[in-house]
1. Out of all the residues in segment 179-208, which are within 18 Å of Ser224 (Cβ to Cβ) and of a type outside the set (S, T, N, Q)?
2. Picking from Ile329, Ile250, Ile280, which residue would you name as being within 23 Å of Ile134 (Cβ to Cβ), at pLDDT 75 or above, surrounded by 22 or more Cβ atoms within 10 Å (Cβ to Cβ) and aliphatic (A, V, I, L, M)?
3. On the given criteria, is Ser102 part of a loop (DSSP other than H, G, I, E, B), surrounded by 17 or more Cβ atoms within 10 Å (Cβ to Cβ) and touching an Asp or Glu at 6+ places or on another chain (Cβ under 9 Å)?
4. With (1) surrounded by fewer than 18 Cβ atoms within 10 Å (Cβ to Cβ); (2) at pLDDT 95 or above; (3) not hydroxyl-bearing (Ser, Thr, Tyr) as the list, and Phe202 as the residue in question, which single condition is left unmet?
5. Select from segment 23-37 the residues that are among the hydrophobic types (A, V, I, L, M, F, W, C) and surrounded by 13 or more Cβ atoms within 10 Å (Cβ to Cβ) and write down the one among them that is farthest from Leu55 (Cα to Cα).
6. What are the residue pairs meeting all of these: first residue in segment 54-81, first residue closer than 11 Å to Leu299 by Cα, second residue part of a strand (DSSP E or B) and modelled with pLDDT under 90, Cβ atoms under 7 Å, and 6 or more apart or on different chains?
7. May I ask you to list the residues in segment 260-274 that are assigned to a strand (DSSP E or B) and over 15 Å from Thr126 (Cβ atoms)?
8. Do you know which residues across segment 221-280 are of a type in the set (Asp, Glu) and over 21 Å from Asp142 (Cβ atoms)?
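The values are calculated or read from the model by the stated rules, or taken from the named source; none is laboratory data. Since the model is a prediction, treat every value here as computed from it, not as a measurement. Cβ placement follows ideal geometry from the backbone for every residue including glycine, while neighbour counts extend to all protein chains displayed.
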Amino acid sequence: MPMMDHGKDFLSWVDPDTSLKIFKCLDDPADLVRVSCVSRSWRGFVVANGLSKQLCLRMFPQLSRVACVVELNQDGVKEHTEVGSSHSNECLALWKDHRVYSYLARSCSSPVDTDCIAKAIGASSTDNFPQESIDHTLEERDNIAGRFSYWSSSGQSNPNVPETLTYQLASQICVITEINIQPFQAHFQMGSPIYSAKSVRFKMGHLKASLDDLTDVFVWTYTSPEFPMAQENRLQKFKLPEPVLCIGGILQIELLERVQSQEMDGLLYICISHVQALGIQLSPAFSVDILGPSGKFVLKRDHMGNCQPPVTSENESGAALTDRDFQQIVTILRGHVMGVGAVDGWEEMEYEVDDFDEDNAF
C-alpha cells in the first residue's frame, strides 16, 4: 500500500465499517471528545454514527429505555427547533443526542463519590417506632446523646423472613457504585449480640406513574446479585459488579435471612445502624420524566446545571419525589404494604455555528 500523504484523513482510506470498529474501541468518554476535536470529518463521523450514545449504552444498559432526549435553556424551557427539511431535522437531532450523551458519559466518569441517600421512605417492619426507626440509619453515629441510634425489625421465629429498607436518593438520576451497611451491635444486651442479616441484595428504580395500585408503588429497573454479610460491627462495603445508573432515585435494600435471636423473647431480629449509597449525583444537570406504564423516560439536559454535591434541603428541585408524593408513599407503606415506622471542572465541547451545514452536515 502506498504511503499516505501527510495530512490525509484515514477515514477516506478505510471503509466505513472498519472505521466504525476502530472508533468503537474508545471506551473513555474523554477520548471520544478528543477524537471529535481532531477534524470536522472525524466529528461528523462520531455524530452521524451516534458513538456517544452507543458508549453510554455500553456503560449503562438502563439507558436503552430512553424515549428521547431534551435540551433545556437557561429558563428551564425546551429549546426550540427550527422547522426545516427532514434531512436538516435529522442532522440537528443527531447533534443534540451527541451533545447530551457526550456530556452524560463524561459526568458519569467523575471520580467523585458521595453518599447519595437523601431520606428514608420506609421499612418492611419496625419493632419500636420511633425509637428504632429507619431514619436512624442515616446517622453515622450509633450513639446520640447517650441513646443508641439504629433501626430494628420486628421479631420473627422463621429465619427466612426478609426485611427491606427503602430510601429516596438525593438526585433523580445518579450513578451508584457501592452500598455500605453497618449491622447494629446491642451492647446493652447480654453478650453484646450483632443483629446482621446473612446476605443482602439491592434494587433501584422509580415511583410508579400512578399510586392507585397499593400492592407495589415502585418499579425496579435493576436488581443486584446477592452479597454475603458478615456478623461484624463495622461498615461493610458492597461494591456493585458495574456502576448502575439509577433512574428515578429509589433504592431498596433487601436483608435476607436472620442469624441472631434475642435472649429475652427467643425471636430473630435484624438491626442496622448505618447505611450509605456511594455514587455520583447527576442533578440538576440532568433530570428525567417517566412516561407512564411503558417504563420509558425522557432524558433532559439543563445547560445551566452542573452535577452538584448532595442535596441538603428536602425542598431542592433535584429530589426525586415531591413532598406530596413522599407523604402519600409513606401513608401507603404504613397502612398497607410495609408497616413503616414513622463533572466538576469539565466544560462540555462547544460547536461553532459554521460546523453545521444542512447540505453537507457530515
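1. Once the filter is applied, which keeps residues that are within 18 Å of Ser224 (Cβ to Cβ) and of a type outside the set (S, T, N, Q), segment 179-208 yields Ile179, Ile181, Ala197, Lys198, Val200, Arg201, Phe202, Lys203, Met204, Gly205, His206.
2. Exactly one of Ile329, Ile250, Ile280 is within 23 Å of Ile134 (Cβ to Cβ), at pLDDT 75 or above, surrounded by 22 or more Cβ atoms within 10 Å (Cβ to Cβ) and aliphatic (A, V, I, L, M), namely Ile250.
3. Taking the combined requirement at face value, the residue does not satisfy it.
4. (1)
5. That would be Val35.
6. Val70/Lys78; Leu72/Lys78; Leu72/Asp302
7. Answer for segment 260-274, where residues must be assigned to a strand (DSSP E or B) and over 15 Å from Thr126 (Cβ atoms): Gln260, Ser261, Leu268, His274.
8. Passing the criteria: Glu226, Glu242, Glu254, Glu257, Asp265.
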